[in-house]
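The values are calculated or read from the model by the stated rules, or taken from the named source; none is laboratory data. In this text the structure is predicted, and so the values were computed from the model without any measurement. As a convention, Cβ positions derive from the backbone with ideal geometry for all residues, glycine included, and neighbour counts pool all protein chains shown. Side chains included, ligands, DNA and RNA excluded: accessible areas come from the protein's heavy atoms. Shrake-Rupley method; radii C 1.70, N 1.55, O 1.52, S 1.80 Å.
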Amino acid sequence: MEYSTLLYGVEDGIGTITINRPKALNALNGAVMADFTDLLPKIAADEAVKVVIITGSGNKSFVAGADITEMQKMSAIEGRKWGKLGHEVFDKIEKLPQPVIAAVNGFALGGGCELAMACDIRIAADSALFGQPEVGLGITPGFAGTQRLPRLVGKGIAKELIYTASNIDAQEAYRIGLANKVVPAAELMEAAQKLAKKIMSKSSTAVQLCKAAINEGLDVDLASGSAYESEVFGLCFATEDQKEGMTAFVEKRKPVFTGK
Ligand code: CAA
């Protein structure tokens, strides 16, 4: 698959998306969003892809936000359309059946921080910088920063970060729970791949059902989330992976999962 702004490759079950506009620090413009819109359903339908990694090209930036030069002259209607498109694309990322790891290799600002938050897990290079600088540009976060940041780090810290447009380094992002882990920049992709492989050693059907249950559950009340979990838990017993996983335990051997 060839895209003008994204690089995409699959190796050993890991699909890696690299946002590739290094001269603009991988800022998200309309072309990036169009490429994502085309690519994401293809990944969702590709059973050979078990885990997805999203990163930015170069060693300076994951994504330095939505493209300010494109937004500069937008009308209110165009701004709303752009915001809705960002939500649609990031929702598609969040709802990919496969787990998605953000390998944050530098600036994750504005739309870049929002993109990282749409992923399931964030691994940060020690050089990464996170922030929602929008109020300094006279706008609000537009690709769900006001929604996903408080859900991840809590209301108070999210409000402070958004109101002050403060950037935080990788260690601080780790401290507040925005980054799962911080690694030396040179080891970032290796760390993301190692995590992907650990996830892939488990039952991919069970992992995908866990993802769905967590995502569904966080948007509803506890009773509805628990009811959803009971359904997916029950569903597991229709899979070969459940039979293999439990038989392997009883036989004191390692399970060999097929994802079926
Ligand atoms: N949009 C468009 N172009 C951008 C960009 C962005 N968000 N961020 C960086 N660039 C471009 C710069 O304009 C520059 O281009 P030129 O070489 O053509 O001048 C190039 O990338 C390199 O950037 P700098 O020279 O500024 O690099 P630096 O190392 O000095 O600074 C930076 C890096 C601190 C990230 C700085 O570029 C910056 O502050 N960028 C903007 C960050 C930002 O405000 N992001 C939020 C955007 S709004 C948003 O995302 C809304 C939303 O929620 C959807």
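Please determine whether any residue of the stretch 75-92 is open to solvent by less than 10 Å² (accessible area, probe 1.4 Å) and not aromatic (F, W, Y). Scanning the stretch 75-92, I find at least one residue that is open to solvent by less than 10 Å² (accessible area, probe 1.4 Å) and not aromatic (F, W, Y), so the answer is yes.
All of A66, A48, A103 fail the test of being touching a strand residue (DSSP E or B) at 6+ places or on another chain (Cβ under 9 Å), under 25 Å from A196 (Cα atoms) and either crowded, with 24+ Cβ neighbours inside 10 Å or not assigned by TED's automatic domain parsing to the domain that holds E11 (or both), apart from A103. Of all the numbered requirements in (1) of a type outside the set (D, E); (2) in contact with a strand residue (DSSP E or B) (Cβ under 8 Å, 6 or more places away or on another chain); (3) within 11 Å of the ligand (Cβ to nearest atom), H87 misses one, and that requirement is (2).
Here is a yes/no grid of residues against (1) farther than 22 Å from K181 by Cα; (2) open to solvent by less than 10 Å² (accessible area, probe 1.4 Å); (3) among the hydrophobic types (A, V, I, L, M, F, W, C):
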residue: I19; (1), (2), (3): no, yes, yes
residue: N26; (1), (2), (3): yes, yes, no
residue: L39; (1), (2), (3): yes, yes, yes
residue: I54; (1), (2), (3): no, yes, yes
residue: N59; (1), (2), (3): no, no, no
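Counting only helices (runs of 4 or more DSSP H) wholly contained in the stretch 41-131, the ones carrying 1 or more residues that are in contact with a Lys or Arg (Cβ under 6 Å, 6 or more places away or on another chain) occupy 111-118.
Counting only residues that are of a type in the set (G, A, S) and open to solvent by 60 Å² or more (accessible area, probe 1.4 Å), the stretch 119-140 holds 3 of them.
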